[in-house]
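The values are calculated or read from the model by the stated rules, or taken from the named source; none is laboratory data. All values reported here derive from a predicted model rather than from experimental measurement. Here the Cβ positions follow ideal geometry from the backbone for every residue, glycine too, while neighbour counts run over all protein chains shown.
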Amino acid sequence: MKKYIVNRILSVIPVLIIVSIVVFSLLHLTPGDPAIAILGEDATQEAIDELRERMGLNDPIPVQYLNWLNDIFHGDFGTSTASSGEAVTSMIASHFIPTLQLAIYSTIVTVLLAVPLGMLAARKRGTVVDHGVTVLALCGISLPSFLFGLGMMMLFAVKLRWVPVSGYKAMSAGLGAHFRTMIIPAVSLGFMHSAFMMRMTRASMLEVLNSDYIKMAKSKGVKELWLVAKHALRNSLVTLVTVIGQGFIGALSGATIVESMFGIPGMGSLVVNSIGRRDFQVIQAVVLLIAVINVVMNLVIDILYGIVDPRIRLS
């Protein structure tokens, strides 16, 4: 197992290097001079030259990349050029927590909704229950998360007044207030991902339930509920781990619309505001962070593969 984990970690290193090069190149692939784009066309040449010197744009490209990489290893993503020199690290830290919380909550909603319904549909294949789960999954796939969120907002926030319409409360304000502001965004984002997971869980469970060893166990009198809960679900974990991991990555990197709609000060709002202000340092740091999280999450999924299925780590 240790050798398997080490090999997976070593395989990630070149990927991270390539990711860093691509993200660094975004600033230089942008048409025009970044200093002029930041200061505007009416800026004086002295101000442009000063900003270029401060950003290190006059150095050779390889030197700029190595300096940028060295700063990142020391936890320094530079300073915002549109927020009076505020550190990018502190800006990301203040916006990352709400996005991480939303991604975690939506993933929990996805698992709690999709796995039981997918298992139930597999057990009741061809019945009304199976058709009902299929229709629900198709609705989740077809219905955009923001539209589903608006419907929940109208019902639970405007009509029933159970939760606030928008806004965000940190955990320090109390767990009750925090979850009241996060429950609708988490459900609206998690419902979309749960639809795909329902279909994957059903397909994976059906494949396992039709295998010979399950049929043998049934012929020996093993209860079907025990077969599904212990044996079939365990052998479907490889597929479920993949779907859960990719769903978490999708929620983390794709929550921009939901955050904007419910007034959550997450990474999505930070990116939108930074694009509007042409704050390239913040955009570069956010893109790099999301890319690294994506790579790390896929590494975690690979390691979990080896845990849930010994055949993978021995291959």
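Note on region 237-257: among residues that are closer than 23 Å to A93 by Cβ and among the polar types (S, T, N, Q), the one that is surrounded by the most Cβ atoms within 10 Å (Cβ to Cβ) is S253. Please verify whether Y65 is surrounded by 15 or more Cβ atoms within 10 Å (Cβ to Cβ) and at pLDDT 90 or above, treating the condition exactly as stated. In short, no.
Within region 108-130, does at least one residue satisfy the condition of being touching a Lys or Arg at 6+ places or on another chain (Cβ under 9 Å), farther than 30 Å from W226 by Cβ and either of a type outside the set (D, E, K, R) or surrounded by 13 or more Cβ atoms within 10 Å (Cβ to Cβ) (or both)? No, there is no match, as no residue in region 108-130 is touching a Lys or Arg at 6+ places or on another chain (Cβ under 9 Å), farther than 30 Å from W226 by Cβ and either of a type outside the set (D, E, K, R) or surrounded by 13 or more Cβ atoms within 10 Å (Cβ to Cβ) (or both).
Looking only at residues in region 140-152 that are touching a helix residue (DSSP H, G or I) at 6+ places or on another chain (Cβ under 7 Å) and without any contact (Cβ under 8 Å) to a residue 60 or more places away in the chain, the one that is surrounded by the fewest Cβ atoms within 10 Å (Cβ to Cβ) is I141. The criterion of being closer than 26 Å to M171 by Cα and in a helix (DSSP H, G or I) does not hold for I275. Every condition in (1) modelled with pLDDT under 85; (2) more than 25 Å from R234 (Cα to Cα) is met by A195 except one, and the failing one is (2).
For the condition more than 26 Å from T127 (Cβ to Cβ), surrounded by fewer than 17 Cβ atoms within 10 Å (Cβ to Cβ) and modelled with pLDDT of 75 or more, what is the one hit in S260, S211? Result of the check over S260, S211: S260.
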